[in-house]
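Data block below; observations after.
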Amino acid sequence: MNYIHFATFDIQAESGAQPIFEIFGWPVNDTIFIGWIISLGLVLFSIVVTRNLALRPGRLQNAIELLLEYIIDTTEGLLPGGGKKFLPFIGTIALYIGISNLVGVLPLAKNPTADLNTTVAFGLTVFLVSQGYGMQQKGLWRYIKGFAEPVFFLLPINIIGELAKPISHSFRLFGNIFGGSVIIALAAFFVPGFIPVPFMAWFDIFIGLVQALIFTMLAIAYISVASE
Amino acid sequence: MVEFSPQVIETIIKAAALIGAGLALIAGIGAGVGQGYAAGKAVESVARQPEARGIITITMLIGQAVAESTGIYALVFALILLFFIIL
Amino acid sequence: MSLLDHNIIWATINFLVLMYLLNRFLYSPVMKIMEERRAKIEGDLDHADREREKANELRQEYKTKLAGAEEEARRIIEEGYQKAQEKREEIIASARQEAKREQERARVEIARAQAEARAVLRDEISDLALLAAGRFLQRKLTGEEHEALMEKVVQELPQEVGGSP
C-alpha cells in the first residue's frame with residue numbers, strides 16, 4: 001500500500017520534551033533537567049564572580065555591574081521606584097530565559113524554554129506577582145474596582161483580558177523557541193550531516209535574545225500596568 | 001449509514017489535522033502585516049529622529065512581539081495539530 | 001502526549017530557588033558593593049569639598065598676610081627714604097653751614113692777613129721811604145724830622161697802597 005515511503009520525522013524526540021527520570025514517581029523532562037543544570041551553572045558563576053568583589057572592579061565585575069545597572073534602569077523606566085525592589089525577580093527572569101534561549105546552540109541541549117511547562121511557570125509567576133503588587137499598591141477595593149472600569153459591564157472582558165496576559169506571555173516564548181528548534185531540527189533532518197549554523201544563529205541567538213528581552217520587558221510592563 | 005473502519009477514521013482525522021495545520025498558518029498574514037507596518041513606522045521615526053534610535057528599536061520590538069502573538073498562537077496550534085494529534 | 005503536565009511544578013520550584021540563590025549570591029553582594037562604592041565616592045567628594053574650602057580659607061589668609069607684609073615693606077621703605085631725605089637735608093645744611101663758617105673764617109683770616117700785611121708794608125715802606133729820603137737829603141734825619149716826614153708819607157699812602165690791593 002505504501003508506494004512512497006516518507007522518512008518519518010519524530011518531532012517529539014527532536015524538539016519536544018522527553019521524560020528522562022522520575023522523582024517520587026513523577027517524571028522529570030529533559031528540558032527541565034537542562035534548566036536545573038543552567039540554574040546550577042548560574043549559581044556557581046555568581047559565587048565565583050562575587051567571591052572577590054572589589055571597590056575597584058575588574059573586567060568581569062564591571063560587566064556584571066553594567067548588566068545589573070541596565071536591568072535596574074530599564075525597570076525604573078517602566079516602573080518608577082521599583083528598580084531595586086524587583087531586581088531579583090526581573091534579573092532572574094532575564095538571566096535564566098536568556099541563557100535558556102541561547103543554550104540551543106550546544107549539541108544535545110534542548111532549550112528549557114521550548115517546553116511549555118517552563119514558560120507557563122514563568123508566565124504564571126509574573127501574573128501572580130503583578131496581581132499581588134497591584135493589590136498591594138492600590139489596595140483591595142481599588143484593585144477590584146479596577147476591573148469594572150471604565151464601565152461596569154466590561155468586567156468580564158477585563159478579567160478575560162487580564163487572564164489572557166499570562167497565556168500570551170508564555171505561549172509567545174514557547175512558540176518562538178519551539179518553532180525555531182523545530183525548524184532547525186527539520187533542516188538537520190532534510191540535509192543529513194549538515195549543522196544548520198545560519199538557522200541556529202538566527203533562531204537561537206537573535207530570536208532567543210530578542211524573545212528574552214521581550215519576555216522581560218513584558219513582565220515589567222505587566223507589573224507596571226497592574227499597579228497603576 | 002455507512003460504517004467506516006477505525007483505520008479510515010484515523011486517516012480522516014490525520015488528513016483533517018494536516019489541513020487544519022496548514023489553514024492555521026494563514027494567521028501569519030496578520031502578524032506579518034502588523035510587524036511590517038510597525039517596522040516601517042519605526043524606520044520613519046528613526047529617519048526623523050536618529051538620536052532616539054535605541055528607544056524606538058526597543059519599543060518597536062515589544063510592539064512587534066505583541067503583534068506576533070496571533071501568529072505564534074497559530075504556529076503553536078499548527079504544531080499541536082501536526083505532531084501531537086497525528087502521533 | 002501532553003504539552004503541559006506536572007513538570008510545571010519542577011519549573012516553578014527551579015525558578016523560585018534560582019531567584020533565592022541568585023539574590024543571595026549575586027544581586028545582594030553586587031548591590032552592596034555598588035552602594036559601598038557610591039557611599040565612598042560621595043564621602044571622597046565631600047572630603048575634597050571640605051579640603052578645597054580649607055585651602056581657600058588658607059589662601060585668603062595668606063593673601064591678606066601678604067598684602068599686610070607688602071604694606072609694611074612699603075611703609076618701611078617710605079620711612080627709610082624719608083629718613084634718608086631728612087639726613088641728606090641735614091647733612092647738606094650742616095655742610096653749607098660749615099662751608100659758610102669756613103668761608104667766614106677764611107675771610108677773617110684774609111682780613112687779618114691783609115691788616116697784618118698792610119702793617120708790615122707800612123713799616124717797610126716807611127723804612128724805605130726814610131732810607132730814600134735820607135739818601136736824597138744825604139743825611140740822617142733827626143728824630144723830629146723823621147717823625148714829621150713819616151706823618152706826611154703815611155697821610156699820602158692809603159690812596160696808593162690801599163687803592164689797589
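Residues that are surrounded by fewer than 22 Cβ atoms within 10 Å (Cβ to Cβ) and within 18 Å of A:Leu173 (Cα to Cα) within the range A:105-126 comprise A:Val105, A:Ala109, A:Leu124, A:Thr125, listed in sequence order.
Return the residues of the range B:29-87 that are at the interface with chain A (Cβ under 9 Å from one of its Cβ atoms), hydroxyl-bearing (Ser, Thr, Tyr) and over 11 Å from the mean Cα position of the chain (by Cα); say none if nothing qualifies. The answer is none; no residue qualifies.
Entry remark, the range A:212-228: residues being outside any helix (DSSP H, G or I) and either within 11 Å of chain B (Cβ to nearest Cβ) or in contact with a Phe, Trp or Tyr (Cβ under 9 Å, 6 or more places away or on another chain) (or both) number 1 in total. Kindly establish whether A:Phe171 is within 11 Å of chain B (Cβ to nearest Cβ), outside any loop (DSSP other than H, G, I, E, B), under 27 Å from B:Ala24 (Cβ atoms) and at pLDDT below 90. It is true that A:Phe171 is within 11 Å of chain B (Cβ to nearest Cβ), outside any loop (DSSP other than H, G, I, E, B), under 27 Å from B:Ala24 (Cβ atoms) and at pLDDT below 90.
Residues checked against (1) over 30 Å from A:Tyr70 (Cα atoms); (2) within 14 Å of chain A (Cβ to nearest Cβ); (3) aliphatic (A, V, I, L, M):
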position: C:Ile33; (1), (2), (3): no, yes, yes
position: C:Arg59; (1), (2), (3): yes, no, no
position: C:Gly68; (1), (2), (3): yes, no, no
position: C:Lys83; (1), (2), (3): yes, no, no
position: C:Ile91; (1), (2), (3): yes, no, yes
position: C:Glu98; (1), (2), (3): yes, no, no
position: C:Glu102; (1), (2), (3): yes, no, no
position: C:Asp123; (1), (2), (3): yes, no, no
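Could you check, for the range A:190-206, whether at least one of its residues is modelled with pLDDT of 85 or more and not small (Gly, Ala, Ser)? Checked against the condition, which is being modelled with pLDDT of 85 or more and not small (Gly, Ala, Ser), the range A:190-206 yields at least one hit. Contact annotation: no residue pair with Cβ atoms under 8 Å, 6 or more positions apart or on different chains, pairs a residue in the range A:55-70 that is in contact (Cβ under 8 Å) with a residue 24 or more places away in the chain and within 19 Å of A:Leu95 (Cα to Cα) with a partner that is aliphatic (A, V, I, L, M) and assigned to a loop (DSSP other than H, G, I, E, B).
The number of residues in the range A:121-152 being touching a His at 6+ places or on another chain (Cβ under 8 Å) and outside any helix (DSSP H, G or I) comes to 0. Taking the range A:22-40 as the range and being touching a residue at least 24 places away in the same chain (Cβ under 8 Å) and more than 9 Å from chain C (Cβ to nearest Cβ) as the test, the residues that pass are A:Asp30, A:Ile34.
Please go through the range A:27-66 and pick out each residue that is acidic (Asp, Glu) and within 17 Å of A:Ile97 (Cα to Cα).
Hit for the range A:27-66 is A:Asp30, nothing else.
Under the condition of being surrounded by fewer than 17 Cβ atoms within 10 Å (Cβ to Cβ), more than 24 Å from A:Ala114 (Cα to Cα) and among the aliphatic types (A, V, I, L, M), the residues counted in the range C:1-50 number 4. Taking each residue of the range A:136-165 that is under 13 Å from A:Val225 (Cβ atoms) and of a type in the set (Ser, Thr, Tyr) and looking for partners that are assigned to a helix (DSSP H, G or I) and modelled with pLDDT of 85 or more with beta-carbon atoms closer than 7 Å, six or more apart or interchain, yields A:Tyr143/A:Gly134; A:Tyr143/A:Met135.
Please indicate, with yes or no, whether at least one residue in the range B:5-17 is under 30 Å from A:Leu78 (Cα atoms) and among the basic types (Lys, Arg). Checking the range B:5-17: not a single residue is under 30 Å from A:Leu78 (Cα atoms) and among the basic types (Lys, Arg). Counting only residues that are aliphatic (A, V, I, L, M) and not in a helix (DSSP H, G or I), the range A:73-118 holds 4 of them. Of A:Gly58, A:Gly132, all but one fail to be at pLDDT below 85 and more than 10 Å from every other protein chain (Cβ to nearest Cβ); the exception is A:Gly58. Is there a residue in the range C:10-20 that is in contact with a strand residue (DSSP E or B) (Cβ under 8 Å, 6 or more places away or on another chain) and either at the interface with chain A (Cβ under 9 Å from one of its Cβ atoms) or farther than 30 Å from B:Leu82 by Cα (or both)? Yes: the range C:10-20 contains one or more residues that are in contact with a strand residue (DSSP E or B) (Cβ under 8 Å, 6 or more places away or on another chain) and either at the interface with chain A (Cβ under 9 Å from one of its Cβ atoms) or farther than 30 Å from B:Leu82 by Cα (or both).
For the range A:45-54, give me each residue that is part of a helix (DSSP H, G or I) and either touching a residue at least 12 places away in the same chain (Cβ under 8 Å) or surrounded by 12 or more Cβ atoms within 10 Å (Cβ to Cβ) (or both). Residues satisfying the conditions are A:Phe45, A:Ser46, A:Ile47, A:Val49, A:Thr50.
The values are calculated or read from the model by the stated rules, or taken from the named source; none is laboratory data. Treat the numbers as computed from the prediction; the structure is a model and nothing was measured. In this analysis, Cβ positions are derived from the backbone assuming ideal geometry, glycine residues included, and neighbour counts consider all displayed protein chains.
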